[in-house]
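Asks: I am attaching a structure below and will ask some questions about it afterwards.
The values are calculated or read from the model by the stated rules, or taken from the named source; none is laboratory data. Everything numeric in this text was worked out from a predicted model, so none of it was measured. Cβ placement follows ideal geometry from the backbone for every residue including glycine, while neighbour counts extend to all protein chains displayed.
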């Protein structure tokens, strides 16, 4: 699909943890950029869903964080880094329907326990690095 | 290749290059070059925001002139339901229908009637197995084009039904030819009275290989003034309305959706609201609804730029007008009914990605790196003086070879300031 080598392209975003209503802005911007690059619509959709879920998680659980999207020749990598509470039991967190979101978040229609499972479902690779009390880094990759 | 014909255009003699339209364009299709706005046809979706916001009346919609109906033997008016909301103190739709005959039409076929048929077909369509949900309306042509160029993944969610005006035109032609067997198709003109420029573009372009059955599109504001001359309260009027509440309500946001008699709908109006709804659907982040009605104009078609009345007043009038109307004049389909083949359009035009930087992803990545780097060097105040709507778009224009960096006044000011600061030649003028 891509025959010329190009330097990886990095999009960096600060995800604002105070503003719940603007959560999702970074994924909208990523979508625009990927469209300009000519990435196929299905790949863009997978990246933006994974990114959106990750962004929401950072806002709900970690008061924001940083997101990097790295586009290289054969994949799009999303790295979400926060200094939030960390995930105590990753296996449990990956189960559909498991949620630790507080009630006020649930009343907004979030916190259904589908965030992490969706991120896994829409990406080709996902790895969670988390230390309780220090923070979480999630790396996801979508191959072309 | 872009062969799309637009109806939004610019009068360069009136344009002052003020940047207002450029700032309001939802697809960043406008640049100001040499003191005059320029529309990029690839990006324009004919939403009419530039017409709405232009303070110099330099932006306009190219419609047919009302006089063109004279070139045909049999003239059929197809009034959009929003036309009925333009008149003060109107208590009987018949006055408008009679008025259309009085100004020179031989027949009137209300688009509201076409709308009631589309509503019935939509109800049937939603019961079809295997369709992609949420189903997205194709009644507003701005939305269809927006989805094709910006939300290609949602292409299969578009409902493949012809819009009400098309259904109305088909039926009107068929009926006219049945009643007047001596008429040939070319003797008949179907004339849509449109609230917006997007419908003009739609009629000229059709859907993919489908060609529209509408022959002329005349601006609602032109017809409005013609009608005012002939509509008199003293005239007795017994022309019945051809549609009910459902048809009439298509003129306002929520009307098309509520016709589905189901609460699993979302209706949005205003182009920027529509874009955020589409972004959310694309991200899988909306409740599980069956149908999404999207209107580019505020309040729906009554907010079209070719209308006369303030959309909120117009909405109120429609509420009053429809109060004593029957729900619909189109009976609900019986069990086992199906949508006739000729109510569908064929394929949509192919996905044309909006402003892709290059055909090669590698090259696009190189260009985007340059754009990002340049963007950081620009002031970031998005003032528009350079002729691009914001600093990001300007950086893109420079990298793509369409703009010169010196057009940034802030950067130029800094350049001059530095030049003065470091200037050590010549004599000092002040202070001797």
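Asks: In the list B:325, B:368, which residue meets the criterion of being surrounded by 15 or more Cβ atoms within 10 Å (Cβ to Cβ) and closer than 30 Å to residue B:168 by Cβ? Before you say what the answer is, go through the steps one by one.
Replies: Working: B:368 fails: closer than 30 Å to residue B:168 by Cβ.
None of the others qualify; the one that does is B:325.
Asks: Looking at B:252, B:266 in this structure, which one is at pLDDT 90 or above, in contact with a strand residue (DSSP E or B) (Cβ under 9 Å, 6 or more places away or on another chain) and farther than 23 Å from residue B:160 by Cβ? Give the derivation first.
Replies: Numbers: B:266 fails: farther than 23 Å from residue B:160 by Cβ.
Exactly one of B:252, B:266 is at pLDDT 90 or above, in contact with a strand residue (DSSP E or B) (Cβ under 9 Å, 6 or more places away or on another chain) and farther than 23 Å from residue B:160 by Cβ, namely B:252.
Asks: Is it the case that the stretch B:110-126 has a residue that's surrounded by fewer than 20 Cβ atoms within 10 Å (Cβ to Cβ) and free of Cβ contacts under 8 Å to residues at least 60 places away in the same chain?
Replies: Scanning the stretch B:110-126 turns up no residue that is surrounded by fewer than 20 Cβ atoms within 10 Å (Cβ to Cβ) and free of Cβ contacts under 8 Å to residues at least 60 places away in the same chain.
Asks: Return the residues of the stretch B:155-185 that are within 18 Å of the chain's Cα centre (by Cα), part of a helix (DSSP H, G or I) and buried (at least 20 other Cβ atoms within 10 Å of the Cβ); say none if nothing qualifies.
Replies: Selection gives B:164, B:165, B:166.
Asks: Which is at positive phi and modelled with pLDDT under 95, of B:300, B:257, B:284?
Replies: On the way: B:300 fails: modelled with pLDDT under 95; B:257 fails: at positive phi.
The conditions single out B:284.
Asks: Something else about it: Scan the stretch A:9-24 for residues that are touching a strand residue (DSSP E or B) at 6+ places or on another chain (Cβ under 8 Å) and within 17 Å of residue B:280 (Cβ to Cβ) and jot them down. Working first, answer last.
Replies: As a first pass, look at the stretch A:9-24 and keep what is touching a strand residue (DSSP E or B) at 6+ places or on another chain (Cβ under 8 Å): A:9-18, A:22-23.
Passing the criteria: A:22, A:23.
Asks: Give the stretch A:26-52 a look and list any residue that's modelled with pLDDT under 90, under 20 Å from residue A:111 (Cβ atoms) and more than 7 Å from chain B (Cβ to nearest Cβ), or say none.
Replies: Correct list: A:26 only.
Asks: Residues that are touching a strand residue (DSSP E or B) at 6+ places or on another chain (Cβ under 6 Å) and either within 13 Å of chain A (Cβ to nearest Cβ) or touching a residue at least 12 places away in the same chain (Cβ under 8 Å) (or both): does the stretch B:346-361 have at least one?
Replies: Scanning the stretch B:346-361 turns up at least one residue that is touching a strand residue (DSSP E or B) at 6+ places or on another chain (Cβ under 6 Å) and either within 13 Å of chain A (Cβ to nearest Cβ) or touching a residue at least 12 places away in the same chain (Cβ under 8 Å) (or both).
Asks: Now for a different question. Mind checking which residues of the stretch B:344-358 are surrounded by fewer than 18 Cβ atoms within 10 Å (Cβ to Cβ) and at pLDDT 85 or above?
Replies: Once the filter is applied, which keeps residues that are surrounded by fewer than 18 Cβ atoms within 10 Å (Cβ to Cβ) and at pLDDT 85 or above, the stretch B:344-358 yields B:344, B:358.
Asks: If the Cβ limit is 7 Å and pairs must be 6+ apart or interchain, which residue in the stretch B:267-281 that is away from chain A (no Cβ under 14 Å) and assigned to a helix (DSSP H, G or I) pairs with which residue that is at pLDDT below 95 and surrounded by fewer than 21 Cβ atoms within 10 Å (Cβ to Cβ)?
Replies: B:271/B:26
Asks: Report, by residue number, each residue of the stretch B:186-232 that is in a loop (DSSP other than H, G, I, E, B) and surrounded by fewer than 20 Cβ atoms within 10 Å (Cβ to Cβ).
Replies: Selection gives B:206, B:208, B:209, B:211, B:231, B:232.
Asks: Which residue, of B:364, B:369, is without any contact (Cβ under 8 Å) to a residue 60 or more places away in the chain and either more than 13 Å from chain A (Cβ to nearest Cβ) or out of contact with any strand residue (DSSP E or B) (no Cβ under 6 Å at 6 or more places or on another chain) (or both)?
Replies: B:364
Asks: Something else now. Just one of A:67, A:88, A:93 is in contact with a strand residue (DSSP E or B) (Cβ under 6 Å, 6 or more places away or on another chain), more than 10 Å from chain B (Cβ to nearest Cβ) and either closer than 20 Å to residue A:130 by Cβ or without any contact (Cβ under 8 Å) to a residue 12 or more places away in the chain (or both); which is it?
Replies: Just one listed residue meets the conditions, A:67.
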